[in-house]
Each structure stands twice: as C-alpha cells, then as structure tokens.
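K.L.:
After the structure tokens below, expect a handful of questions from me.
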Amino acid sequence: MAEVIAFLIEHFQDFDACPPPEDLGQLLEDAGFDAMEIGNTLMMMEVLLNSSEFAIEPTDGTALRVYSAEEADVLPQKVMGLLHYLITERAITYEQREIVVHALMHIPADEITVDIAKVLTLLVLWAHKSELPVLIGDDLMAALNGNAVMH
C-alpha cells in the first residue's frame with residue numbers, strides 16, 4: 001500500500017486531481033501495481049476520505065485521547081505514541097488523528113505498524129492539503145520508502 005500511496009502523492013500533487021476510483025484503479029494497474037495492493041489502497045482512501053463524523057476540535061489544548069478497549073487491544077503502543085506526538089507537535093489535527101485511527105481499525109491487527117500509521121497519516125494530510133513541519137514531513141515521507149527513523 002505504501003508504494004501505491006507514494007505513487008499517488010508523486011503523480012497527483014493535488015488530491016482533487018486524482019481520477020475517480022474506477023479510472024484510478026486502471027491507472028495503477030497500468031503502472032504495474034498488484035491488484036490486491038490497488039484494492040487495499042482504494043478501500044483505504046474510501047475509508048479515510050468519507051470519515052466526516054470526526055469534525056471535532058477540542059478548545060482546550062490539554063485534551064487527552066482515551067482509546068476504547070477495542071482500539072487499545074489492536075493498536076500498538078508505538079502507534080498511539082506516534083499519533084500523540086503528531087498532535088503535540090501540531091503536525092495533525094484532532095480530526096485527522098481520528099480519521100487515521102478509524103482507518104487503522106480497518107486493517108488486520110497483525111499488519112498495523114508505525115510505518116503503516118505514518119503512511120495513512122500522509123494520505124490524510126495529502127487529501128486535506130495540509131502542510132507539515134519539514135522534519136516531521138521528511139520522517140513521514142521516509143515511511144514510504146521503508147527508511148523511517150522517528151519513533
């Protein structure tokens with residue numbers, strides 16, 4: 001999935017310039033991506049980008065995210081730590097964090113890693129046309145190449 005997302009970000013700097021899913025699937029297939037990888041990415045884009053119920057912003061900067069029992073069972077501590085770090089550094093909004101958590105809950109638990117969380121975060125930021133601090137952006141982008149260093 002990371003390779004497909006990297007391809008999309010590289011070829012469509014503006015998310016709105018992406019073709020519709022049926023055309024995008026064909027484009028990705030023509031680019032040589034595996035059908036399963038394409039399907040997973042398109043499904044994840046659908047989950048991420050149709051998550052409108054998360055439009056909440058705490059007014060207090062000291063808000064604490066309490067994970068449900070199901071989330072705590074599935075999400076590794078390092079992933080929760082990454083999301084907390086990104087919120088603390090104002091690299092993502094509360095809404096974007098909730099979208100990433102929602103997307104992660106659609107992935108098999110044994111496949112959830114820090115790098116997957118970074119890739120999904122990049123996808124959300126790309127779709128929302130968000131800007132990132134340079135160092136955090138560099139580290140998130142490194143997850144696309146398997147060279148991530150931030151923990």
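The values are calculated or read from the model by the stated rules, or taken from the named source; none is laboratory data. In this text the structure is predicted, and so the values were computed from the model without any measurement. Areas reflect the complete protein model, heavy atoms only, side chains present, ligands, DNA and RNA absent. Shrake-Rupley method; radii C 1.70, N 1.55, O 1.52, S 1.80 Å.
K.L.:
Would you tell me the accessible area of H106, worked out with a 1.4 angstrom probe on the heavy atoms of the protein chains, in Å² to the nearest 10?
P.N.:
For H106, solvent-accessible area is about 90 Å².
K.L.:
Taking 0.36 nm per residue of separation and subtracting the Cα-Cα distance, what length does fully extending D73 through E111 add?
P.N.:
The span from D73 to E111 would gain 12.3 nm if fully extended.
K.L.:
To the nearest 10 square angstrom, how much accessible area does Y67 have with a 1.4 angstrom probe?
P.N.:
50 Å²
K.L.:
So, one more: In what order, largest first, do D139, D30 sit by accessible area if the probe radius is 1.4 Å?
P.N.:
D30, D139
K.L.:
Next question, about the same structure. Using heavy-atom solvent-accessible surface (probe 1.4 Å) with all chains present, what is the largest-first order of K129, K118?
P.N.:
Ranked list, largest accessible area first: K129, K118.
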